[in-house]
Amino acid sequence: MRAFTYERAANPAAAQRLATTQEEAVFLAGGTNLTDLMRLGVARPAALVDISDLPYDGIEHRADGSTLLGALSRNAEVAGDRVVRERYPVLSRAILAGASGQLRTMATTGGNLLQRTRCPYFQDVSKPCNKREPGTGCPASRGLAARDLGIIGVSDACIAHHPSDMAVAMVALDAVVHIRTVDGAARSVSLEEFHLLPGNTPEKETVLAPGELVTDVELPPPPPGSSNYRKVRDRASYAFALVSTAVSLALDDTGSVAAVRIGLGGLAPRPWRARTAEQALLGARFDEEAAKSAMRAELATARTTEHNAFKVDLTVDVVTSELLSLAAEESR
Ligand SMILES: Cc1cc2nc3c(=O)[nH]c(=O)nc-3n(C[C@H](O)[C@H](O)[C@H](O)COP(=O)(O)OP(=O)(O)OC[C@H]3O[C@@H](n4cnc5c(N)ncnc54)[C@H](O)[C@@H]3O)c2cc1C
């Protein structure tokens, strides 16, 4: 491992100064992803700026029904928070579907959003990877590894997918990411736009400029109806999603869709909002065929290989089955 310096920042301005005045400095939050990548030689920072002492660890529930999660709130705290469980059960379930109890106790909201892909080529420094080393190629798109990787929003340069469970629920909840710029100003971006699609520059993963800090994630009041998170994976626990979905559904008195949200995980370089499927379903009479056809439309542009083509049918089936369960709950 490359030698690095370590400093614990006392306040946001100091953290940003340390991050921008030192060469190859990175922020350290819970460290559960960054330190793994340092051990693998994938991340080789010269300086770690520990942000644990910054005042971003709160969870604030507002009277208007929205919630503000500090970037340093721990995944376990958020998942276990009584109001989060009542207002946003889909978020609590998504977080609990990820990692392990120990990891969730360390992992933070900001770090979870900014965790890097689990593509085996990205994680193996002896292999080419356009994301880790631009211009070296993307063998992942040709081999067996593609099975676990992305099929929507991907490019010739990169098919890596975003591994977070939490973010899939958040994108379905219309979450907004609040950012502190290096000048100390605040700006915000919807979570849906926070992660960039790879195109020809897969090394650029988010809208964050160097030295910018994620301060909070805002969750608007929850959508109407019932919601759930479902994760399909190779092992029952301690595994990343092959496909996951965060869904919410409200039906009107006639059985038509009054509101629907569909987030998808395990399929794309960003937590994916299934806007095409949502539009097809909104106002339509809800039944199994309507759900399947909406999801087929969503995935019509999927770029698959022989190793991951199964993800299309799997996703259609998983989302349809979740929507059917929610519809049954709605009609009770
Ligand atoms: C064995 C294992 C299994 C796992 N399984 C799952 C799983 O099933 N599902 C899942 O979703 N996740 C899983 N994870 C990933 C885990 O959720 C992440 O490692 C964790 O959420 C990262 O949070 P952290 O605070 O530790 O981030 P860190 O490792 O500290 O940081 C990650 C990145 O975010 C940046 N960063 C952190 N906070 C900020 C901020 N406020 N502003 C700007 N930049 C910031 C850091 O510079 C770094 O680049 C697993 C991890 C492990 C090790």
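Counting only residues at least eight positions apart within a chain, or on another chain, the lysines with an alpha carbon under 21 Å from that of Lys231 are Lys292, Lys311. Couplings 3J(HN,Hα) of region 272-278, computed from phi: 9, 9, 7, 5, 5, 5, 4 Hz, in residue order, whole Hz [Karplus 6.51 cos²θ - 1.76 cosθ + 1.60, θ = phi - 60°; x for Gly and Pro]. Listed by chain and number, the aspartates and glutamates whose alpha-carbon sits under 16 Å from that of Lys204, ignoring those within fewer than 8 places in the same chain, are Glu24, Glu133, Asp156, Glu192, Glu193, Glu212. For Leu282 and Ala309, the FRET efficiency from 1/(1 + (r/R0)^6), where r spans their Cβ atoms and R0 equals 25 Å, is about 0.30.
Extension gain, Glu193-Leu40: 0.36 nm per intervening residue step, less the Cα-Cα distance, totals 52.2 nm. Antiparallel beta bridges, as assigned by DSSP with both residues in the chain, represent about 80 percent of the total such bridges. Taking chymotrypsin sites (Phe, Trp or Tyr not before Pro) across region 179-267, the ones in a DSSP loop with at most 14 further Cβ atoms lying within 10 angstrom of their Cβ are Tyr238.
On the beta carbon distance between Glu24 and Arg85, with R0 = 30 Å, the FRET formula returns roughly 0.15.
Based on the Cβ-Cβ distance of Asp183 and Glu60, what FRET efficiency does E = 1/(1 + (r/R0)^6) give at R0 = 25 Å, to the nearest 0.05?
Details: r = 25 Å, r/R0 = 0.98.
In this case the efficiency is close to 0.50.
Could you work out how far helix 310-330 tilts from the main Cα principal axis of the chain, as a 0 to 90 degree angle to the nearest 10? Long axis of 310-330 versus the principal axis of the chain: about 60 degrees. For the chain, the square roots of the Cα gyration tensor eigenvalues, ordered a ≥ b ≥ c, give a/c of at least 1.5 with a/b no greater than b/c, which places it in the oblate category. Residues Thr320, Thr276, ranked from the fewest to the most other C-beta atoms within 10 Å, line up as Thr276, Thr320. Beta-bridge orientation, region 1-52: approximately 0 percent antiparallel, per DSSP, counting only bridges with both partners inside. The separation of region 263-332 from region 219-233, counted between C-alpha centres, amounts to 14 Å.
Label positions at Arg8 and Ala328, each projected 7 Å from the Cα along the C-beta direction, are separated by 5.1 nm.
Peptides 126-133, 182-189 ranked from most to least packed by the mean count of surrounding Cβ atoms within 10 Å: 126-133, 182-189.
Read-outs throughout are calculated quantities, based only on the coordinates presented, and are distinct from any laboratory measurement. Computed from a predicted model, the values in this text were never measured in an experiment. Neighbour counts run over all protein chains shown; Cβ positions are idealised from the backbone, glycine included.
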